[in-house]
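Okay, so here's the structure we're looking at.
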Amino acid sequence: MAEKIDPIHQFQLVKIGQPLFHIGGTEVVLTQSSLYMIGAVALITIVMLMGTAGRSLVPGRLQSLVEVMYEFVASTVRSSAGHDGMKFFPLVFSLFMFVLVLNLAGMMPYGFTVTSHIIITAALAVLVILTVIIYGFMKHGLRFLGLFAPSGMHPVMLVILVPIEVISFISRPISLSVRLFANMLAGHIALKIFAGFVVTLLGAGLWGIISPLPLALAVALTALEFLVAVLQAYVFATLTSIYLHDALHPGH
Amino acid sequence: MAQTTTASTEHPAEAHGNFPPFDSHSFGNQLLWLALAFGALYVLMSKVALPRVAAILEERHNRVADDLAQAAKLKSETDAAIEAYEKALADAKAKAQAIAGETRDKLAAETDARRRALEADLHVKLAEAERQIVDGKTKAMGNVRGIAVDTALAIVERLVGKTPSADEVDAAVGRALPASQVQ
Amino acid sequence: MGKAFRLSSEFIAGVIAGAGLGWGFDALLGTRPWGMIVLMMLGFGAGIWNVMRASGFVRPPNG
């Protein structure tokens, strides 16, 4: 019983098989997290390839799904990063699909949510911000630093504003990763607690009468979590596009 | 996690007691798998899947644009055909009307001429008839005088017993008959 | 709710970034705790700045 209600247990990584090899002090071992990631990549790839296999003019069900996804992400990139932001479209699309599928996979019963581990979301956010920095410097050189100095400001104001802008910039990958991670983590913990509550009440004799109450809450929370899973993937893609906009147009 | 490297453990590394998402021991492993998985996904998407979707959408876009252009062309052709047809119809109508008008005028003129000829003919005949009547009347009147003279002669002869001279009777009849009737 | 969560995470991220920078600064230069204090204040400002920008209160610098 105690194990069932433990809301943290679901985030535990489970090793599968022997460690494959070691790199330095790190052992490389297949975990259910790695399996979920590989599964997500396989699923996305299969859907994308099967959806486009027909190449029919009038799309079937799978092809419309693929096209809707494509158009959705494309319009997000276009509206947030501008038309020249489309060169980053594959990156944003991969991020969106990856996060979306992993978020939704975590909603399966007994599922594991890869995106509830901060190292994963942080790595994705760092990837985004490194793309912004590297591309920004490659395209604009030192003018990219103009991002931190709003034009038309008094020099005295700049002394205060530039550090704030720098910190604000550094906070971007943090907020990007923390938001996704915290949403997934908090949602799943809340779900688990309420579900566990139902189980506890059912096992507690007379109190079982009120068990439908937390059950209803758990059902409502599940619906909310599905919404959050999709929404957070979308927010991740949108913010990535907005940050990429800075790399393309650092000036004002 | 070093001590849990034994065979297929379904047991999580609970020895640490850490909150799993913050367990830094697993970071290296997770990062490696993430890099592999996401790298593969990025390559697959950017090199294979997305160009295919883009090609499909492009093709549809072009096809739709083509179809629209074709439809516009057909429509303009149809419009032209309708216009030509309407023009031809209007022309034919005008022509028919002209012919009808012409025919009507011609017929009217012919009828008129014939009627006028007929009328002239009738006038002539009427005048002739009137003249014959007048002639007849005059002749008849002349006859009436002769008859009156003869009758008067006979009556006088019978009444008086003697035969008056023709000139006397004639004069008397001339007096008795109004001048207008004699003529 | 998504909006509220986004704004609060923007703010918290600003503070975390400031504190983290200050911690690193102090660790490198041995100026504990001053770098942490100053940069956390700035991080606070950056957090507010983030929130104002995210909520559209000020024009985003990137137009």
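Laboratory data are not the source of any read-out in this text; all were calculated from the coordinates shown. Keep in mind the model is a prediction, meaning the values are calculated, not measured. Positions of Cβ are generated from backbone atoms using ideal geometry, with glycine treated the same way; all protein chains shown enter the neighbour counts.
Considering helices alone, the calculated mean residue ellipticity of chain A at 222 nm is -24000 deg cm²/dmol, with DSSP H runs of length four and up weighted by -39500 (n - 2.57) and normalised per residue. Ranking B:ALA71, B:ALA129, B:ALA117 by how far each Cα lies toward the positive end of the dipole of chain B (charges on Cβ) leaves B:ALA129 at the top.
Placing unit charges on each Cβ (+1 for Lys and Arg, -1 for Asp and Glu) gives the stretch B:137-183 a dipole about its Cα centre, and among B:THR151, B:ALA140, B:PRO164 the Cα reaching farthest toward its positive end belongs to B:ALA140. Available extension along the chain between B:GLU58 and B:ALA140 is 17.5 nm, counting 0.36 nm per residue and deducting the alpha carbon span. Note on chain B: GNM, Cα springs under 10 Å; of B:LYS137, B:LYS106, B:LYS87, the largest mean-square fluctuation is that of B:LYS137. Each of the peptides B:59-69, C:17-27, A:94-104, A:206-216 was scored by the mean count of other Cβ atoms within 10 Å over its residues; in descending order, highest first, they stand as A:94-104, C:17-27, A:206-216, B:59-69. If you average the alpha carbon positions of the stretch A:146-171 and of the stretch B:106-183, how far apart do those two centres end up, in angstrom? Cα centres, the stretch A:146-171 to the stretch B:106-183: 145 Å. For the pair A:LEU158 and B:ALA92, a Förster radius of 56 Å applied to the C-beta separation gives a FRET efficiency near 0.05, rounded to the nearest 0.05. Per-residue 3J(HN,Hα) values for the stretch A:42-48, derived from phi via the Karplus relation 6.51 cos²θ - 1.76 cosθ + 1.60 with θ = phi - 60°, read 4, 4, 4, 4, 4, 4, 5 Hz in sequence order (x marks Gly and Pro). The distance from the alpha carbon centre of the stretch B:24-38 to that of the stretch A:28-58 is 19 Å, rounded to a whole number. Think of each Lys and Arg Cβ as +1 and each Asp and Glu Cβ as -1; about the Cα centre, that makes the dipole of the protein assembly as shown roughly 460 debye. Mean separation of Cα pairs under 8 Å and 6 or more residues apart, divided by the residue count, gives chain A a relative contact order of 27 percent.
Here the spin labels are modelled as points 7 Å beyond Cα on the Cα-Cβ line, and at C:TRP34 and B:LEU107 they lie 12.3 nm apart. Between A:ALA204 and A:ALA220, residue separation times 0.36 nm minus the direct Cα-Cα distance comes to 3.4 nm. One decimal place: the segment B:LEU32-B:LEU68 gains 7.8 nm when fully extended, by the rule 0.36 nm per residue minus the C-alpha distance. Between B:ARG158 and B:LEU122, the modelled labels are 5.0 nm apart [label points 7 Å from Cα along Cα→Cβ].
Less than 14 Å Cβ to Cβ from B:VAL156, Lys/Arg counted +1 and Asp/Glu -1: what total charge do the surrounding residues give? Before the final figure, lay out each step's value.
Details: positive: B:ARG158, B:LYS162; negative: B:ASP150, B:GLU157, B:ASP167, B:GLU168, B:ASP170.
Once positives and negatives cancel, what remains is -3.
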